[in-house]
1. In segment 4-22, which residues are over 11 Å from Thr79 (Cα atoms), charged (D, E, K, R) and exposed (fewer than 14 other Cβ atoms within 10 Å of the Cβ)?
2. With the condition kept exactly as written, say whether any residue in segment 24-44 is touching an Asp or Glu at 6+ places or on another chain (Cβ under 9 Å), touching a residue at least 24 places away in the same chain (Cβ under 8 Å) and surrounded by 13 or more Cβ atoms within 10 Å (Cβ to Cβ).
3. Taking segment 1-36 as the region of interest, how many residues are outside any strand (DSSP E or B), in contact with a Lys or Arg (Cβ under 7 Å, 6 or more places away or on another chain) and under 12 Å from Ala67 (Cα atoms)?
Amino acid sequence: MAFLIPCPNCGERGVTEFRFGGEVNPRPAPSASSDEWTSYFYRRGNTSGLQTEWWYHRYGCRKWFLAKRDTTTNQVTETRWP
């Protein structure tokens, strides 16, 4: 079974056309503590199941978008613009 990602602009393509950008984390306020910034940059949930992630279509439209992906099956259920 191929790992396909539906780009919101270009349609469904193979995963090799994309760059994974990591899971979506809410950005702390500029005045946040150093612990909050450390958590934002280095700690990940590594969820087993549905997770919202950043993806970049490097060999297509060259745009960043959000994808909801099941990390256990690699099935992408939704893609959208940020």
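Each value in this text was obtained by applying a stated rule to the coordinates, not by laboratory testing. It should be emphasised that the depicted structure is a prediction, and the values quoted were computed from it without experimental measurement. Because the Cβ atoms are built from the backbone with ideal geometry, glycine has one as well, and the counts that use them run over all protein chains shown.
1. Result: Arg19, single match.
2. Within segment 24-44 (the criterion being touching an Asp or Glu at 6+ places or on another chain (Cβ under 9 Å), touching a residue at least 24 places away in the same chain (Cβ under 8 Å) and surrounded by 13 or more Cβ atoms within 10 Å (Cβ to Cβ)), the answer is yes, since at least one residue qualifies.
3. Of the residues in that region, 1 qualify.
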